[in-house]
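The values are calculated or read from the model by the stated rules, or taken from the named source; none is laboratory data. For clarity, every value in this text was computed on a predicted model and none was experimentally measured. Methodologically, a virtual Cβ is constructed for each residue, glycine included, from the backbone with ideal geometry; neighbour enumeration extends over all protein chains shown. Surface areas here come from the heavy atoms of the whole protein model, side chains and all, with no ligands, DNA or RNA. Shrake-Rupley method; radii C 1.70, N 1.55, O 1.52, S 1.80 Å.
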2 protein chains.
Amino acid sequence: MEEAEQSRCENCIIRQFNSLRAMSKQELKKVSDSKITRKVKKGEAIFEEGDKLDGVFCVREGISKLSKLSANGKDQIVKLASKGEVMGQRSVIAEEYTNLSAVAVSDMEVCFIPKDSIIHTLSRNPDFAIEVLRHMAHDLKEADDVIVNMSQKTVKQRIAEAFLYLKKNYGEDRDGFLNLTLSREDIANVVGTATESAIRIISEFKKRGMIKTSGKKIGVLNEKLLQDLIEGF
Amino acid sequence: MEEAEQSRCENCIIRQFNSLRAMSKQELKKVSDSKITRKVKKGEAIFEEGDKLDGVFCVREGISKLSKLSANGKDQIVKLASKGEVMGQRSVIAEEYTNLSAVAVSDMEVCFIPKDSIIHTLSRNPDFAIEVLRHMAHDLKEADDVIVNMSQKTVKQRIAEAFLYLKKNYGEDRDGFLNLTLSREDIANVVGTATESAIRIISEFKKRGMIKTSGKKIGVLNEKLLQDLIEGF
DNA sequence: TCGAAAAGATGACAATTATCATATAATATT
DNA sequence: AATATTATATGATAATTGTCATCTTTTCGA
């Protein structure tokens, strides 16, 4: 019985997008043999804050939110991870309990890769280590940007940014709605505000003709207006 | 003529605190031969946002603020770097222009290490790469924490946290004042608020007996009160 | 050491955002 | 399909934070 083509890491196109591409054929084979592919339904958790991760998760399909619970019970979404992104590497590398939870915001398919093969390759294949470093460096820069946005921009500006970000990164359907639909609460948690505030601002944007809505779906109508708002006009 | 002991990386104790400790004797020698030690006076810039860095800076003495200018002209301090920390590695590794400025908040001594020897060692010595990775992973986690704090805590709580952080990390002098003295403006830029707001809250903390001040110096008087405030009482 | 400039302090006020209450709409469950 | 549950929406209000003006104190350079 032959295994399906795409279930082998060597053939997985997702690999093109992440650090795994720096692995040798042999290393990939090892990873492939030990990986476990898993389907995750929308709303389901992949791992939770404080878990000890024995490996990393490579997103093959769908989108996950990486969030952190604050003392007052609110969730702050720190990052959205989609096709090709690897989750949990930070905690595997630092050998610490993870500081984030990963929950699917759409139906997903993820590959679990045990940390042994990652760690092993890290210490043998400098190219791989550098690739991982590059990715982490990129994430760090993005995190810095988020910090600045949080402290310097208004909630309105952050929500406008979020919509443009979602449009740019996940695109829109034929009807002009964002492909990635987040609940109002998730939107609030991305920009770090109260759900009611987010809802209010969404209503306002709609009245102003900047966006349209249909149920929880949101579509960008006037990118320029949003952009102007972000820049402070 | 013999070079002073401590001006050779191999003997520099600072190295114990950072990724350089994973370098071999030979690699360190090379770094040492190409490094440039430099004194930086308080207020002086080491590098500025948008600079192309040809190497990293290892802090040997003093403290630097790493900050990012926002569109509205405010500076957000993203991190304070002190003895043993390496600045600029993110941008050297990602081969991008730096996203942060580094300015001395006290008189400093830094070693500039050209990127060639760093990159070279990265691709030869996996232990070094892993060390650097660990540090970056740690920074990333801290950045996540900052994001959550920014969005979930009040300005008051963030200022209280900042004082406890400064006390814990830089200690206090015999008179009970924080060793690291930041201007009110810098404090505001650390927690992401207006200078006037920071000043007002500092006055309030003083009235409440939580801290004492003397000029721009600040001393923690009642750690428990500050801690309670942070936790929402 | 004098005077200018910068930093710190505080009041008055406006803008932003959170919270609580409640209503309506959408979704899920039996 | 009926009902329970959850998500969305909106008003009223309070709390937080920012802005502008002004004054005092400190710092620094000539």
Checklist outcome for this item: Mean separation of Cα contacts under 8 Å (at least 6 apart) over the residue count of chain B, i.e. the relative contact order in percent, is 19 percent
Checklist outcome for this item: Sorting from shortest, the nanometre distances separating the label point of A:Ser7 (7 Å past Cα along the line to Cβ) from those of the same residue in the other copies are 6.5
Next on the checklist: Placing the label point 7 Å from Cα along the Cα-to-Cβ direction, what are the distances from A:Glu172 to the equivalent spots in the other copies, shortest first, in nm to one decimal?
Outcome noted: 5.7
Item to check | Efficiency of FRET from Cβ geometry, B:Glu44 and B:Thr154, R₀ 30 Å, rounded to 0.05 | outcome: 0.35
Next on the checklist: With +1 assigned to the C-beta of every Lys and Arg and -1 to the C-beta of every Asp and Glu, and no other charges, what is the dipole magnitude of the protein assembly as shown about the Cα centre in debye, to the nearest 20?
Outcome noted: 1040 debye
Next on the checklist: If I model a spin label as a point 7 Å beyond the Cα along the Cα-Cβ vector, how far apart are those points for B:Gln227 and B:Tyr165 in nm?
Outcome noted: 1.9 nm
Item to check | Sites A:Gln16 and A:Asp54, calculated FRET efficiency, Cβ-Cβ separation with R0 41 Å, nearest 0.05 | outcome: 0.95
Checklist outcome for this item: Residues hit by the 40 Å² burial cutoff in segment B:87-110, accessible area with a 1.4 Å probe, assembly against chain on its own, are B:Arg90, B:Ile93, B:Asn99
Checklist outcome for this item: With one decimal in nm and the nearest listed first, the spacings from A:Asn222 to its own position in the other copies, using label points 7 Å along Cα-to-Cβ, are 5.3
Checklist entry - Using a simple spin-label model with points 7 Å from Cα along the Cα→Cβ vector, what separation in nm is obtained for B:Lys25 and A:Thr213? => result 6.9 nm
Next on the checklist: Before I look further, what does segment B:1-139 give for accessible area per residue, probe 1.4 Å, in whole square angstrom?
Outcome noted: 48 Å²
Checklist entry - How large are Rg and Dmax for segment A:77-160 when only the alpha carbon atoms are used, in Å? => result 15.4, 48
Item to check | Taking the C-alpha atoms of segment B:72-119, convex hull volume expressed per residue in Å³ | outcome: 100 Å³
Checklist outcome for this item: Neighbours of A:Lys68 by Cβ distance under 11 Å: Lys/Arg at +1, Asp/Glu at -1, summed charge -1
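Need one number: buried accessible surface between chains B and A, 1.4 Å probe, both sides summed, DNA, RNA and ligands left out, in Å² to 100.
Interface between B and A: roughly 3700 Å².
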Checklist entry - Leaving out ligands, DNA and RNA but keeping every protein chain, what accessible area does B:His138 have, in Å² rounded to the nearest 10, with a 1.4 Å probe? => result 80 Å²
Checklist outcome for this item: Normalised per residue, the volume inside the convex hull of the alpha-carbon atoms of segment A:12-113 in Å³ amounts to 92 Å³
Item to check | Amide proton proximity set for A:Glu61, modelled H, under 5 Å, gap of 5+ | outcome: A:Glu109
Checklist entry - So what is the orientation-averaged projected area of the protein assembly as shown, using the convex hull of its C-alpha atoms, in nm²? => result 25.2 nm²
Checklist outcome for this item: The convex hull of the Cα atoms of segment B:143-203, divided by residue count, gives a volume in Å³ per residue of 80 Å³
Item to check | Apportionment of accessible area to carbon and sulfur, the protein assembly as shown, percent (1.4 Å) | outcome: 50 percent
Next on the checklist: Using the Kirkwood formula on the Cα atoms of chain B, what hydrodynamic radius do you get, in angstrom to one decimal?
Outcome noted: 19.0 Å
Item to check | Rule-of-thumb Rg ratio for segment A:111-176 [Cα; 2.2 N^0.38 Å; N residues] | outcome: 1.65
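Could you list, in their original order, any pairs among B:Lys68/B:Lys153; A:Lys168/A:Lys212; B:Lys74/B:Lys115; A:Lys156/A:Lys206 whose Cα atoms are separated by more than 24 Å?
B:Lys74/B:Lys115
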Checklist entry - Over what distance in Å are the Cα centres of segment A:22-51 and segment A:163-233 separated? => result 32 Å
Checklist entry - Considering only the other residues whose Cβ falls under 14 Å of the Cβ of B:Ala137, what net charge follows from Lys and Arg at +1 and Asp and Glu at -1? => result -2
